[in-house]
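What follows is one structure encoded as C-alpha cells, with my remarks underneath.
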Amino acid sequence: MTQAFAGRCEPKVTQLVKPQPDGAVHRPAIVEHLDFAALPRQHVPRFVLSPRRIFSDVLSRGWIESAIPFLAFLVVVITILSTTDGFFSSGNLRTMAQYAPDAGIVVLALLIVVAAGGIDLSIGSNFAMTAFVALFGFHILELSVWAVLPMSVMTGAVIGTVNGTLAGLLGCGALLTTLGTMITIRGLYTLASQSQLVEISASARIDAAWDYIGFERFAGMPVGFWALVVVSIAVFFMYRQSRFGWHLLAVGGNRKAARNGGIQVKRTVFLAYIMAGALVGLAGFLYAARQNSVGSDTGIGMEFFLLTALVLGLGGFTPGRGAVVSVLIGFATIYFLNNAMINAGFRGDLVQFTQGFIILSILAIDVRFKKNLHRLVASSYLDPVKRVPEPVQGAEGLMPDQIAPKLADATILGAGEIDGPEDVILDVQGNLYCGTRDGRIVRFDAPDHLHARTLAKIGGRPLGLAFDQEGRIVTCVAGMGLVRVSMDGTHELLSDQTGRSLISVQDDTTIRMADDLDIAPDGMIYFTDATKRYDMENWAMDLLEGRPNGRLLSYDPRSGRTRTVCDNLVFPNGVCLAHDRRHLLVASTWECSILAFDLQDLAAGPRVLVSGLPGYPDNINRASDGGYWLALAGMRNPVIDLAMKHPNVRRRMTRRVPPTNWLFGNLNIGGVLKLDSAGSIVDAFWDRPDGPLYMITSMREHKGALYLGGVTNNKIGRLDLPDVDNGWTGPDSYWGQK
Amino acid sequence: MTLITDAIGKMLGQRNILEVVVLGVNVALIIAFAILVDGFATLGNLSVILSNSTPLAILSCGMAVVIISRGLDLSIIAVMVAGATTYASGIEAGLPGGLALLITAAAMITVGMVNAWLIAFAELPAMLATLASAMVIMGLFRFAILQGEFMLLLPKSNSAVQILTTDILPGISVPIVVTAVVLVATWVLLSRTIVGEIIYAMGDNFAAARLSGLPVRPVTVVIYVWAALMAMLAGLLISSASGAVDFRMVTNGSLLFDVILVVVLGGIPLRGGRGGLRNIILGVALIAVLRNGMTLMNVTTQTQDVIKGIVLLVAIATENFLNPRDIETDTVGDL
C-alpha cells in the first residue's frame, strides 16, 4: 500500500465539514490547492500520424468518388505525353480549344438532364438542328448575329420543351421520349438541310461579329472556349448555390423524397430539359459560326460520345450528382484520347476499339471501386495502437472481492420510466434531472422522486449535465453538442463545432460525442468531445482503437466561441472543477487515469492526478467532504489489458471475427470510487454481481445521499451515505447560496 | 376519363391497353393503305412485307428477351454486323457453309458472353456496358477482318449464301422459315422453360430475384447469348439478301431504333417483366406495315423517320395517358 502511494501526494486531511442538521449554513468546503506542480506530466501528442488512418480518412472523403476518373485522366495525359511529341503544345491545345467547346457545352447540358434523373438522347439531333437554324438565319434570312444567337438558343429550347413536356410534365419514360425526338428531329433536320444546303453554301455573306465568334481569339483563347468557361462556371454555381440547382439534384437523387419535401418534381424536370435544350442551341450556334456549314453527319453519334464522356466523368450513370468538374475531366479524357490517336495516324477502327475497351475498363474498375469503397473504409477505419495503462494500484483492500457490495442497499428510482440516464443532477430543492436515450431531459420532483416528467425534448443523446449560475441546465448531447435547457423547458444549442485541428484529413470541426462538462466560476464551460472518430452507437470501438481521439473544449458564453483546449486525449470523459476552483479534473477512460488541468495555465498541458484505476473512469463529481466521487463504467481485466498491448491482435479480430464475438471491455459491471482531495482512493461502492445498477456512469451527492445513473440502465439508484454532511447540495456548494 | 379507361380495361381483361391501341392502329393502317395505296392489298405485297420484316422480327426476339429481363442491348446491331462479317469472311476463305456457321455462332456466343460478363459480373449498367461493347465489337471486327473498310461484299454465287435466300416452297423462303422457328423458340424460351420464368422474375424485381436465390448471373449469360445469336441470324439474312455487309448500319442507328420501336410499340415496357411473343408480332406487324405502306407511297426515308418518331412519341404519350406511372413508386433509375 505504501509503495503504491510512493511518488504521489500524501492524502491531506482537509477541513472536514462535520455533518450538520438541516438548516445550518452550508459553505463550500475550503480546500487546499491541489499540489499541481508535484504531479507527473501527462504526455499529449501534438498530432496523430498514422498511414492507415490517413488512408481510411482519404477514402471516406466525398471527392474520392471522382478518384478513378481523375486517375484515368492522368494516365491518359501521361501516356500521351510519353508517346507523342507536341500534343500538349500551345498550338495544338489552342486548336482543340477551338473545336472542343461546343461538345463541352453539350456535355454540360446532358449533365443537367442526367443529374435530374433523366436522359437526353436528342442532343445530337438538336445540335445539328440548331446549327442549321443559325446558318439559315444568318445566310438565308440575313439576320444580324445578335438575332441569330437567340434564334438558335430558342430552337434548342423549343426542342427541350418537347422533351420536357413529355418526359417531365407527362412523366413518360425519358429514354424512349428522347429517342423519339432524336429520330424525329434528325429526320426534320435532314429534310430541311437538304432543301437549303445549296443556298447556304452559295451565300457569300460575311459579317465581322460572325467571324469573330468563329475564328478570332479573345485573350489568347478562342471565343468558344470562353463560352465553355462561362457555361461551366454558371452550371457549377447553379448546383452549388442556387435553389433551382439544389432542386435538380434533389429530384435526381430521390424523386419521392423531393416530392414529399415540397419540390415541384415535374416542373423541375421540365425546366431541366429546357435548359439543356437551350445550352445545346448555344453550342449549335458556336459550331455554325465556326464551320459555316452543316453536313448530313453533323451531330451523328454525338449523344453516344458525350454519354460516354459523362459516364466516364461521373464514374457510372449516377443521377443526383452535379459534378461539373468531374464531367469535364471525363470529357477531356475521351477527347484527348480520341484526338491523340487520330493525330498519331491510327485507323478509325482501331481508335474505336481502343476507346471502347478503355472506357469499359475504366467503368469496370470504377464500379468495383465504388462498390467496395465502404468495405475498404470499414476494414481500414479501425486503427488500433498499443496502449498500456498503469497497473492497478491504490485500491488494495477495496476490490469487489474484498469488501461487501454497498450498492446492494440502494433504493431504485424511476425504474422503467427512463432509459439510459448517463448523468444525474439535483437542484437545490432536490429535484432530480437526467437525460434519456430518446433525447429528453427528464425531471423527478422532490422529495420522493416518484414520477418522471419531461422537462425538455432536445433530441440527440443527452449525456453530462451541469447547473450554471442562473440555475439552468447545460448538457452535453452526443451527436449535437452543447445545449442549454432552462427550467421552463426552452433550450438552445450553444455549440456544435470547434476549430479544425491543424493536421487532419477528415474535417473534425463537428463535435461528435460531447460527453461531460463543468462550468468554471467565471462561467466558462469546459466539456469533452470523447472521440472524434466514432459516434455514440460505436463509442466502445474507441477502446479497441485505443488512440487519443478525444479533446477537451471550452465554450465562452460571453463571446459564444468554442475553442479546443487540449486535443488528442484518450477518451476524455468526466469533467469536474476541483474544489479549489482553479484546477480541472478530466477522466481519461481508456487510460484509467484522471488528468488535472490548471485553468490559469491551460497551455502547460495536463498532469496525472490518479493513474492505475481498477476500472474505466466515467464521470467525476465533487463530494461534500472535499473529495470526489468517481464512477467506474466498467472494470479492467487482464485479458483486455493484454489485448491493449497488442494492436495487431485487435485489428485482426475486428477484420476476421464477427462483431458479436469481439473481445470487449467489461462494461457491464462497475461501481463508484470515493477519492480524497488528492485523488487517493478511500472507499469503493460496488454493486452485487447480479445487481440492478450495472455500469454506473455518474453519481451525485445530495443531502446525505448518492444518486447513481448508468448509460445503459433504465433506473436511478439512491444510496444513503452515513457520516456525510446531509445538508450539502452540489449547486449551493459551488455557486453559493442565493 | 378513368371511368372510361377502367371500362376499357375490364372489357379487355387484364391486357395491356397499349397493345389494344396498337392493334387498332394497325388494323386501321392496313385498311387505310388498302384503300389508298395501289398494290398494297395483294398477295405479292404480303410476301414482300413478310420477307422484308424477317430480320426485324428476329432482332426483336433477341431484344425483347433482354428488355423483359430489364436489360438493354444497344450492341445488337454491332453484333449483327460482326456475325455477318465473320460468316462472309469464312466463306471467302473457302470454308463450307456449315463450318462457317459454326465458327460464326461460336464467335457470337463469345461476344454475348462478354456482354453478359460485363453486366452480370463486372456489374456495369446494361445500357452503358452494351453502348461501350458496341464500340469494341465494331472496332475489333473492322480492324481484324475488314482492315478498316466499311463494306464487305458477299460472294452471291456461293451456295452457302444462296441457300439463305431460296424458297423452300413457293412463297415460303428460308428467311420466313427461320423467322418462324425463331418466333417459336422465343415463345418456348419465355413461356415454357424455367429460364423464362427467371427472366420475368428478373424484370419484375431484380433484387428480389437475386435475393431469393435465383441464378440471375447464369440467366443473364443466357439472355445476352440469346440476343447475340438472334443478331447473328438476322445479320446472315440481311447480308445474304443485299449481298453486302455494311457497318454503317450500326452508325446511322436507324435499325436499332426500329428494333426498340417494335418492342416498345408491341407493349413490352422498358422496365421489364411484362410482354411476350404476342407483343413482338404485334410490334413487327405495325412497323412492317408502316414501312411498306409508306414506301409504296414514295415517302422518303427521312420523312419515314419523322413519321416513325412521331408515332413513337404519340404511342408513349398515349400509353402514359391510359396507364399513368405512379410517381410515388417511380425510382430514378427508371428511364
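The values are calculated or read from the model by the stated rules, or taken from the named source; none is laboratory data. All of these numbers come straight from a predicted model, not from anything done at the bench. Cβ: placed from backbone, ideal geometry, glycine included. Neighbour counts: every protein chain shown.
Observations on the structure shown:
- Residue in the stretch B:288-301 that is at pLDDT 85 or above, facing chain A (nearest Cβ under 9 Å) and not in a helix (DSSP H, G or I) present: yes
- Residue selected from the stretch A:680-701 under the condition at pLDDT 90 or above, buried (at least 24 other Cβ atoms within 10 Å of the Cβ) and more than 37 Å from the chain's Cα centre (by Cα), by the criterion nearest to A:Asp438 (Cα to Cα): A:Glu701
- Inclusion of A:Leu279 among residues that are within 14 Å of chain B (Cβ to nearest Cβ), over 32 Å from the mean Cα position of the chain (by Cα) and buried (at least 22 other Cβ atoms within 10 Å of the Cβ) is not warranted.
- Looking at A:Thr660, A:Thr589, just one residue is surrounded by fewer than 24 Cβ atoms within 10 Å (Cβ to Cβ) and of a type in the set (Ser, Thr, Tyr), and that residue is A:Thr660.
- Residue within the stretch A:163-182 that is at pLDDT 85 or above, touching a Ser or Thr at 6+ places or on another chain (Cβ under 9 Å) and away from chain B (no Cβ under 14 Å) present: no
- Residue within the stretch A:126-147 that is in a helix (DSSP H, G or I), farther than 21 Å from A:Val198 by Cβ, more than 14 Å from chain B (Cβ to nearest Cβ) and not hydrophobic (A, V, I, L, M, F, W, C) present: no
- Among the residues of the stretch A:468-480, at least one is among the polar types (S, T, N, Q) and under 30 Å from A:Gly499 (Cβ atoms).
- Residues located in the stretch A:529-558, provided they are under 25 Å from A:Asp580 (Cα atoms), in contact (Cβ under 8 Å) with a residue 60 or more places away in the chain and crowded, with 21+ Cβ neighbours inside 10 Å: A:Tyr555
- If you go through the stretch A:132-175 and pick out every residue that is more than 19 Å from A:Ile274 (Cβ to Cβ), buried (at least 20 other Cβ atoms within 10 Å of the Cβ) and out of contact with any Gly (no Cβ under 6 Å at 6 or more places or on another chain), you end up with 6.
Conditions (1) touching a Phe, Trp or Tyr at 6+ places or on another chain (Cβ under 7 Å); (2) among the small types (Gly, Ala, Ser); (3) under 24 Å from B:Leu118 (Cα atoms), marked per residue:
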residue	(1), (2), (3)
A:Phe304	no, no, yes
A:Leu310	no, no, yes
A:Phe317	no, no, yes
A:Ala323	no, yes, no
A:Val327	no, no, yes
A:Asn339	no, no, no
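- Checked against the criterion of being surrounded by fewer than 23 Cβ atoms within 10 Å (Cβ to Cβ), without any contact (Cβ under 8 Å) to a residue 40 or more places away in the chain, within 13 Å of another protein chain (Cβ to nearest Cβ) and not in a helix (DSSP H, G or I), the candidates A:Phe346, A:Phe357 yield just one match: A:Phe346.
Yes or no, residue by residue, for (1) within 14 Å of chain B (Cβ to nearest Cβ); (2) within 23 Å of A:Gly160 (Cβ to Cβ); (3) in a loop (DSSP other than H, G, I, E, B); (4) among the aromatic types (Phe, Trp, Tyr):
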position: A:Phe225; (1), (2), (3), (4): no, no, no, yes
position: A:Leu228; (1), (2), (3), (4): no, yes, no, no
position: A:Tyr239; (1), (2), (3), (4): no, yes, no, yes
position: A:Leu249; (1), (2), (3), (4): yes, yes, no, no
position: A:Ile263; (1), (2), (3), (4): yes, yes, yes, no
position: A:Arg267; (1), (2), (3), (4): yes, yes, no, no
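- Checking B:Leu101, B:Leu46, B:Leu72 one by one, the residue that is in contact with a helix residue (DSSP H, G or I) (Cβ under 9 Å, 6 or more places away or on another chain) and either without any contact (Cβ under 8 Å) to a residue 24 or more places away in the chain or assigned to a helix (DSSP H, G or I) (or both) is B:Leu101 and no other.
- Qualifying residue in the stretch B:102-121 (condition: more than 14 Å from every other protein chain (Cβ to nearest Cβ) and aromatic (Phe, Trp, Tyr)): no
- Matching option when the condition is within 13 Å of the chain's Cα centre (by Cα) and either farther than 27 Å from B:Leu190 by Cβ or within 14 Å of chain A (Cβ to nearest Cβ) (or both), among B:Phe247, B:Phe257: B:Phe257
- Test result for A:Ala109, more than 14 Å from chain B (Cβ to nearest Cβ), assigned to a helix (DSSP H, G or I) and farther than 26 Å from A:Ala204 by Cα: yes
- Filtering the stretch A:286-303 for residues that are in contact (Cβ under 8 Å) with a residue 60 or more places away in the chain, under 16 Å from A:Gly118 (Cβ atoms), within 13 Å of another protein chain (Cβ to nearest Cβ) and crowded, with 22+ Cβ neighbours inside 10 Å leaves a non-empty set.
- Of all the criteria given as (1) at pLDDT below 85; (2) over 30 Å from A:Gln355 (Cα atoms); (3) touching a Ser or Thr at 6+ places or on another chain (Cβ under 7 Å), the one not satisfied by A:Ser66 is (2).
- Among the residues of the stretch B:134-151, those identified as at the interface with chain A (Cβ under 7 Å from one of its Cβ atoms) and small (Gly, Ala, Ser) are B:Gly139, B:Gly148.
- Any hit, the stretch A:491-502, residues being surrounded by 14 or more Cβ atoms within 10 Å (Cβ to Cβ), touching an Asp or Glu at 6+ places or on another chain (Cβ under 8 Å) and among the hydroxyl-bearing types (Ser, Thr, Tyr): yes
- Test: residue in the stretch A:504-515 that is in contact (Cβ under 8 Å) with a residue 12 or more places away in the chain, over 24 Å from the mean Cα position of the chain (by Cα) and assigned to a strand (DSSP E or B): no
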